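Right, one structure below, let's go through it.
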Amino acid sequence: MKTDWKHLQELIPKVLAGDREAAEEFGLTVFAAFLAHARRRGLREPDDEDAASEALVKVLANLGKYQVREGAGLNSWAYRILNNVINRKLKAARPMVALDDTPEASLGRLDEPIEGAEPSGSAADTSRLHAALGALPSIQQQVLHLKYFADDRGESERTFAAIGQQLGIPESTARVYHHRAIARLRQSLTELDKTA
Amino acid sequence: MNNDVHVEEDASSNPDGPLEAALESAALSPDARRAARDATDVGFGILMISQEVEKAGFAGMPFRRYIDAVASRAKVDLRPIMSWLKIEKLEPLDPDFGAAAAELAKTFGMSARQLWVQTGYDLLMSLRAQSPAPVLYRMVGSRSAEVESCERDLQGAIDALSPGDREVMSRLRRQIEEGYGQPG
């Protein structure tokens with residue numbers, strides 16, 4: 001089931017009033033949600049727990065300000081804090097390549113044919129593609145998913161700005177993840193073609 | 001994509017109560033659970049102390065005594081918070097006293113001006129090895145007026161120090177300003 005953010009929101013007045021038991025329930029539930037999200041964003045031990053801990057401390061410490069400033073959307077506010085922590089950790093772990101000035105049209109795309117590969121669309125090809133996709137880091141998979149497969153608003157394709165907003169990362173970072181994912185897929189599939 | 005996070009069990013169906021449900025549904029490892037409790041202790045402690053600081057406002061007294069008093073009123077142990085902030089000690093004569101105090105005070109939402117007066121008292125007491133004069137505790141109307149009055153008292157006491165001790169007080173002030181990102 002989904003984390004019950006509505007219930008967590010109801011706990012806030014108790015936490016603010018000093019109810020330690022309510023704080024523990026709030027903390028454990030939010031930590032679990034944060035930990036899962038940190039792992040989905042590609043953090044591994046111990047960075048995942050560090051990020052979840054740091055974000056939870058910030059959320060609890062600023063809970064009074066949340067009520068005043070936000071009024072609604074506890075999960076949006078909490079995940080914004082978490083994403084800032086995660087982004088900082090990811091940035092520290094791996095400097096990003098600047099692709100801001102690269103036109104989107106000149107970047108690689110998932111639906112472009114791979115040079116030297118025979119297009120067939122067979123079940124075996126689909127299986128190979130899935131395997132190659134599955135080997136990508138989680139964050140790259142998420143970017144590709146949002147770019148090409150998660151069109152739930154009738155749009156032809158999501159922009160990097162929209163993807164960045166969705167994942168809580170800068171537009172330029174979404175571009176970088178997309179670029180790396182495409183390059184990696186090309187390499188994986190080309191190698192598979194050679195060995196087939 | 002929705003930001004909601006999926007967990008493994010329906011917490012609302014757990015008969016043992018919401019806390020147990022949260023524990024189970026989170027499916028956290030023992031280490032992760034410990035990390036969650038530690039973070040909760042720290043975050044909740046900061047929240048409680050910040051609320052007390054907001055209620056108490058400025059008080060013309062040494063910083064360490066003030067912090068101990070608000071922590072006691074909030075029923076919070078300061079040690080996990082200090083440890084989280086990587087503050088090993090809060091000794092006025094320690095060369096990093098100002099930096100450590102600034103980190104702690106910022107966390108609790110205190111102003112740099114309040115901190116300067118209060119840590120000034122701490123350091124002054126240590127340098128002179130004596131208690132602050134009773135004048136430091138007087139109330140003179142508004143909080144702003146009280147801060148101003150205490151600042152004047154502090155400055156008067158600093159002016160009477162030896163050049164070496166005045167330099168120690170200046171270092172404290174610089175560290176507080178740096179801690180709050182203010183120009184020196």
### Query
Once Rh for segment A:5-93 is found with the Kirkwood sum over Cα pairs, what is the Stokes-Einstein diffusion coefficient at 37 °C and 0.692 mPa s, in µm²/s?
249 µm²/s
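At R0 = 35 Å, how high is the FRET efficiency between B:Arg174 and A:Glu45 if r is their beta carbon distance? Nearest 0.05 is fine. All intermediate terms of the calculation are to be shown ahead of the outcome.
Values: r = 39 Å, r/R0 = 1.13.
The formula returns an efficiency of 0.35 here.
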## Note on the structure
Over all pairs of different Cα atoms in segment B:18-121, the reciprocal of the mean inverse distance gives a Kirkwood radius in Å of 14.9 Å
### Spacing of the two label points (7 Å from each Cα toward its C-beta) at B:Arg33 and A:Gln187, in nm
4.1 nm
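Any chance you could run the full-extension gain for B:Asp77 through B:Ser126? It's 0.36 nm times the residue separation minus the Cα-Cα distance, nm to one decimal. Display every interim value, and only then the final one.
Working: separation 49, 0.36 × 49 = 17.64 nm, distance 2.46 nm.
Contour length minus the Cα-Cα distance gives 15.2 nm.
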### Message
Contact order normalised by length for segment A:5-93, with contacts defined as Cα pairs under 8 Å and 6 or more residues apart; what percent is it?
### Response
31 percent
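Please go through the residue pairs A:Lys89/A:Lys147; B:Lys55/B:Lys89; B:Lys86/B:Lys106; A:Lys14/B:Lys106; A:Lys2/A:Lys58 and name each one whose alpha carbons sit more than 20 Å apart in this structure. Mind showing how you got there, number by number?
Numbers: A:Lys89/A:Lys147 24 Å; B:Lys55/B:Lys89 26 Å; B:Lys86/B:Lys106 14 Å; A:Lys14/B:Lys106 25 Å; A:Lys2/A:Lys58 22 Å.
Pairs exceeding 20 Å: A:Lys89/A:Lys147; B:Lys55/B:Lys89; A:Lys14/B:Lys106; A:Lys2/A:Lys58.
Every read-out reported here was derived from the displayed coordinates using simple, explicitly stated rules and does not represent laboratory data. Source: prediction; values computed, not measured. Glycine gets a Cβ as well: all are built from the backbone with ideal geometry, and neighbour counts include every protein chain shown.
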